[in-house]
Structures are given as structure tokens and as C-alpha cells.
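The values are calculated or read from the model by the stated rules, or taken from the named source; none is laboratory data. The structure presented is a predicted model; accordingly, all values stated were derived computationally and were not measured. No Cβ is skipped: glycine too gets one built from the backbone with ideal geometry, and neighbour counts run over all protein chains shown. Surface accessibility is based on the protein's heavy atoms, side chains included, excluding ligands, DNA and RNA. Shrake-Rupley method; radii C 1.70, N 1.55, O 1.52, S 1.80 Å.
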Amino acid sequence: MNRIDRRFAALKEASRTGLIPFVTAGDPAPQGAVALMHALVAAGADVIELGVPFSDPMADGPVIQHASERAIARGVGLGDVLRWVGQFRQRDADTPVVLMGYLNPIEMHGYARFGQDAARAGVDGVLIVDCPLEESAVLEPLRVAGLRQILLAAPTTAPARMAQLCESAEGFLYYVSFAGITGAARLSTADIAARVAEVRTRAKAPVAVGFGVRDATSAKAIAGFADAVVIGSALVERLAGATEADEIATRAREFLAPIRKALDMP
Amino acid sequence: MPEIQDFHRWPDEHGRFGAYGGSYVAETLMAPLAELTEAYQRLRQDPDFLAELDSDLKYYVGRPSPIYHAERLSRHVGGARILLKREDLNHTGAHKINNTIGQALVARRMGKRRVIAETGAGQHGVASATVAARFGMQCVVYMGAVDIERQKINVYRMKLLGADVVPVTSGSRTLKDALNEAMRDWVTNVADTFYIIGTVAGPHPYPQMVRDFNAIVGREARAQMLERYGRLPDVLTACVGGGSNAIGLFHAFLNDAGVRIVGAEAAGEGIATGHHAASLAAGRPGVLHGNRTYVLCDDNGQITETHSVSAGLDYPGVGPEHAFLKDAGRAEYVGVTDDEALEAFHLLARTEGILAALESSHAVAQAMKLAREYPKDALVLCNLSGRGDKDVHTIAAREGVEV
């Protein structure tokens, strides 16, 4: 069983809402990358979303774009990301890791080779922002290697297409909570609640809601109707500027702890 | 790839030109793209829409543009006859208006009252601001802060036309950052906003739509050649950045197997130096800005910085149809350096009294090379895609002249 499926089964069993933090691999400092992943788990992460830096992150907001730029400036590439996941796996055999990024770095690595290398390193799924279902044929070697393709759904997704996404969902379905890019601050909770409820009854995988979640309050608001909450930009912003591995880990723990606590409150 | 007989049937219904094109975008863009695709596939066959477009191309843009025999330039080169398709004579001084007028008409038919665009050197921004004024639409142009500094005249021009120019301060503060920002705007304001893309790249249906609107260039040229010379040209050439003027000229001739087609990419300081923008000549297949095409990137898949003296060619990708034509062997793509383009610029100015855009000067340089390969009675048709008034400051600065 894939670690993602196992983790969501356990969450369901315990009636808990999953917490999925996103960080850009190698930001704010490459030397703290692996320690940061462990810190996220210690602070209550159920799944780690690890951003693969890309030079042209079309669908991301400025915060994650800047994180990507900083990582690239320090020479971080897909090879480093896979190496860090491998190192993380030496001490953590259970926490699922999803790589989030864009197609071109994987294409240059080679799909078959990437599938093998990622599975060997201990990656469990990929969320490729610019590879919608319609273009996913190229990802077949990743599926063969056992990686889940995490699909996105949006409030603007048309009904027929939503049915298709629900049918094809594996690992978890990532519902973006407003029609926009990552990190923008607009969120009508009631709206999302109704739509996500609908999607959850039809999707063949749990539904994680993300985009625009900034703190314990906004996370808690989503927890009532989602299987998991994704937090990205706000965390990346909080980590920016830290240089030492210890400081990075401390900031991550301090940021996530109240959110974890809020999610776990009945 | 099996031999292709009919090049006019591409893209397929998924927006693919063979292995290239497609829609590599985030889920949030799928709905607006589907809406646009549906509207455009309907409009491109709508006689009312096409008549409206034709009328504006004739009375507002000033079409048809003539084909001019550059006799003194041809004689100077000493080979085949060089013919220039004078897109520089269009309203606003380049082929860009063929596309922006078409997209603005699509926007209007879709009930969108706000148009947005991104621009590097400012040419597409000016062409977008122009048609927005023409149709009474609100216009927002995203432009990198660095480019705004470099292209003050065009920024002011856009403002005179009533557009808001929004400086983009993220990343390298140039074209690609402006593009990201325009995408963000579109996704956020899709209900009333139309995104005018300026080249034959991006997700489906843009490569098809922008090509269709520029294909008037080749359709006219083909008829003009038959009328004036009684035959088709031996070889076509045009500059290729994103590739809209080139596909515009090439498309009508793609099924004419006897017509050779050569695209001129920006080789900058020379392809061997790494400082260039020759995606087809020196890049590899990849995925960028919503489509599969040839891109310039490193082994990690990071898109690399490009260089060209001409801002309009300074782009690390290229339209997917060009990638397709390259692989199919239907068109050749070669590099023209900054120096070669500048030399062609000066030569054309002095022999013909035409100041060509730096982009188009790459095509002129390539036409000169081709003319030398062919006998005197051969015909080389070169797309003079834009006029060079916008570039005089760049040229003066490069040559150490104070204006």
C-alpha cells in the first residue's frame, strides 16, 4: 500500500484532519532541507509537500516564486530534491512525501528514470501543476513505478470535468479553494464548504483543501469539511530569511504547532 | 514521423501539432481556456465575424500590405531577387496588429470588456492598447520593471492610448515575470477579462488563434506572387522569436512542396557563446508557458536566460507549430547573430530607404544569405515584419552615438 493511502486511512480511522505543509526544497537554505522535513513531521505534518524549484512557476504567487528563485540561485535541482528525500527516509519510513512542481524538470530528467529514482528515494506522489489530466499520458512510467498522481480541482472546474477528476483521483484530490494562484488571501468558507462536500461524496480519494490558508483560524475553518488542509505560502513566508538549520526547524515548529492544535480540537 | 501531406489540418482537437502544443496549464486555467476554445472554434467559421475582421484589417490596419522588390539591395548582394512583404507599413508599424485586432474582436463577441496583455519590448503592449482604444475596452499591460526602464517611449505610448501599464517587480523583472503576472490576473478576473497573447505560443487555442490571425500575411503574399510574378517564391524567410510573423507568412505556403522555408532565429553573440535565443536551432523539446515545444533550458530543466539585440526575439521558447515543422523537415531554422542583423539593418536603410525593426533585420540578413545561394532569376520572399523607428535608440547606444 502506498504511504499516502495508508496515512489517509489512519486519519480516517482516528477521525483526524490531515495537515499537509508545503515547503520549497532547498529554501530558505539547502543545508537545512532534511532537518526541515523532520521538523514538519515533529510539528504534526501528516503528508509533506515538497516543491521542486522551477524557473518559471506560472501558477504560483510571488512568495513561492521567490522561494523557487532563492533555491535555484543556490543551485538546487531535482537531483538534490531526490537525494534529500532519500536522506529523510533513513529516519522516517512512514510520512508520505509528495513532490510538487512543473513538468519541464521531470521531462529533462526523463520520465522512466524519474519514476525509478523517485520511487527508490521514497517519494510517494507527484503533483505537477502544469500537467492536467488531459496531458498526463507522459506520466505513465511514474504510475508504473508506484507514484500517485495528485490531481487538482478548482471552483471553476466544470461539472463534467469534475466528475472525471473525481473518477481519476488517487492519493488525494487537491481542491484549490479559490480561482487564483497560490497565496492570495480571499476565501469564502461557506462557498468552499458546499463545493468540497459535493466533491468528497464523489471523489475516489480523500480531498485536501489548500490555497489561501494562513493560520490556525483559517485552517480550522476548513477542517470541518475537508480530509486535509494544505498550508504553503504562509509557511514559506515565515521560513524566509532563516539561514541556520536549527532556526529553520524552530520557525517551522512554531508556525505549525498552533495549527495542528486547532485541527485536533474537537 | 510519417511524411505529412496536408499541413493545414493542424492542430488536432487537443491543440497538438504532432508531439507539440497542447494545454500544459494549472487546473484553474482549464475552464477559461475551454470557454475561449469553444468561442473561437465557433467564430473562426462565422461569416459575420470574418467580415468584421476583414473590414478592420482593410480600413483600420491598412491591408493589404505590398510586396516590394528590393532591387538595390538585391543588386548589392549579387544573387537572387529579394522581395519584402511590407508588414512594417501596417498601422502601428508591425504585424502584431493583425493578431490583436482579431483577439479584441473575439473578446468583444465573448462579452469581455477588459483586456490584459504582457509585453517585453512594448510592441505587443502598444498593439493591445491600440485595439482596446479602438473598441472602447479597458486595457491593462503587465511589463517587467527593467523593461519599463528600457522602453520608456513605448510605455508612454501605451499610456497615451489609455492603457494602464503595471510594473512587475518579481523575478528578473522582464518579460517572463510579466507573463506570470498576466496569467495571475486572468485567473483571478476571468469573468470579465480577455488575455491577449502576442505570439503563437501558450496553451491551446492561442497558437492556433494567433496563427490564424497572422496567416493573412501569407495568404496575401501567395496571391500577390501569383499575380505579379506568375509563380510562387523559391524560398521564404522570416524571423522567429515566438514565431507569429513567421508562421503568418509560412502557413499559406506549407502545402507548396516546392517552396523552401527558412526561419531566422536570434543567434545573439553566436550560438557557441551560449548568449542567444535560438530555441529551435540550439534547444530541446520541453514544456514551457502552457505548451510542449523547443525550449532553452539546463539539465535541471530550468529555463535559461536568453540574449538578443532584438527584444522581440529574446524568448526561451517558440511556438509549437514551428517545433512541429522543424521535426517534419518542412522548415529549417537557422541562427542570425546580432552583428549580422545590424549589418542588414544598415544595408537596407542605405540601399532602400527602409528602417527595419531589429527583429525583422534578422530576416533581412537571412534573405541576403539565401539570395547568394540562388541564381539571379530566383525569388526570395522575406517578411519585413516591422519598422525600426522603435530601435533607433538601441542602435545608437550600441554604436556609441548620442542621440
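Here are some notes:
- Helical runs (DSSP H, four residues minimum) scored at -39500 (n - 2.57) apiece and divided by the length of chain A put the mean residue ellipticity at 222 nm at -14500 deg cm²/dmol.
- Between B:His346 and A:Thr217, the simple label model (points 7 Å from Cα in the Cβ direction) yields a spacing of 6.7 nm.
- Relative to the globular-protein estimate of 2.2 N^0.38 Å, the Cα radius of gyration of chain B stands at 0.91.
- Peptides B:105-113, B:79-87 ordered by average Cβ neighbours within 10 Å, highest first: B:79-87, B:105-113
- MRE, 222 nm, helices only [DSSP H, n ≥ 4, -39500 (n - 2.57), over chain B, to nearest 500]: -12500 deg cm²/dmol
- Paramagnetic label reach from B:Arg9 (point 7 Å along Cα→Cβ; backbone nitrogen cut-off under 19 Å): within the range B:245-274, residues B:251-257.
- Under 16 Å from the Cα of A:Lys220 - aspartates and glutamates, other chains or at least 8 residues apart: A:Asp46, A:Asp191, A:Asp264
- Within a Gaussian network of chain B (alpha carbon springs, distance under 10 Å), most fluctuating of B:Ala344, B:Ala238, B:Ala278: B:Ala344
- Eligible lysines near B:Lys85 by straight Cα distance, threshold 27 Å, same-chain separation 8 or greater: B:Lys58, B:Lys96, B:Lys326, B:Lys369, B:Lys376, B:Lys390
- For the range A:3-146, the residue among A:Ala39, A:Met100, A:Ala71 whose Cα projects farthest onto the positive side of the dipole built from Cβ charges is A:Ala39.
- Couplings 3J(HN,Hα) for the range B:264-276, derived from phi with the Karplus relation 6.51 cos²θ - 1.76 cosθ + 1.60 (θ = phi - 60°), are 10, 9, 7, 8, x, 8, x, 4, 5, 6, x, 9, 7 Hz, where x marks Gly and Pro.
- Label-point separation in nm, B:Glu305 to B:Arg72, each point 7 Å along Cα→Cβ: 4.1
- Distance between the modelled labels on B:Glu332 and B:Ala34, one decimal in nanometres: 4.5 nm (7 Å Cα→Cβ projection).
- Listed by chain and number, the lysines whose alpha-carbon sits under 16 Å from that of A:Lys12, ignoring those within fewer than 8 places in the same chain, are A:Lys204.
- Each residue of the range A:50-58 was assigned a 3J(HN,Hα) from its phi angle through the Karplus expression (A = 6.51, B = -1.76, C = 1.60, θ = phi - 60°), giving 10, x, 8, x, 9, 5, 10, x, 3 Hz with x at Gly and Pro.
- Within the listed set A:Asp215, A:Asp124, A:Asp46, the Gaussian network model of chain A (springs between alpha-carbon atoms below 10 Å) gives the highest mean-square fluctuation for A:Asp215.
- Taking all Cα pairs closer than 8 Å and separated by 6 or more residues, the relative contact order of chain B comes to 20 percent.
- Applied to the range B:336-344, the Karplus parametrisation 6.51 cos²θ - 1.76 cosθ + 1.60 on θ = phi - 60° returns per-residue 3J(HN,Hα) values of 10, 7, 3, 5, 4, 5, 5, 4, 5 Hz, with x for Gly and Pro.
- The Cα atoms of the range A:29-164 define a convex hull whose projected area, averaged across directions, is 8.8 nm².
- Taking amide hydrogens as placed 1.01 Å from N in the peptide plane, the amide H of B:Tyr142 sits under 5 Å from those of B:Ala117, B:Glu118, B:Thr119, B:Val166, each at least 5 positions away in sequence or on another chain.
- Gyration tensor verdict on the range A:3-260 (Cα atoms; rounded if a/c is under 1.5, prolate if a/b is larger than b/c, oblate otherwise): rounded
- Each 5 Å bin from zero up to the one holding the largest Cα-Cα distance in the range B:1-90 carries the following percent of pairs: 3, 10, 11, 11, 11, 14, 16, 11, 7, 4, 2, 0.
- Amide H contacts for B:Arg16 (H built 1.01 Å from N in the peptide plane; partners 5 or more residues away or on another chain; cut-off under 5 Å): B:Gly22.
- Carbon/sulfur fraction of accessible area - the range A:3-260, other protein chains in place, 1.4 Å, %: 52
- Take the Kirkwood radius over Cα pairs of the range B:1-41, plug it into Stokes-Einstein at 10 °C and 1.306 mPa s, and you get 135 µm²/s for translational diffusion.
- Between A:Ser168 and B:Leu160, the C-beta separation translates, for a Förster distance of 56 Å, into a calculated FRET efficiency of about 0.65.
- Taking all protein chains together, B:Val401, A:Val34, B:Val336 sort by accessible area into B:Val401, A:Val34, B:Val336, largest first [probe 1.4 Å].
- Remark: accessible area buried at the B-A interface is about 3000 Å², both chains counted, probe radius 1.4 Å.
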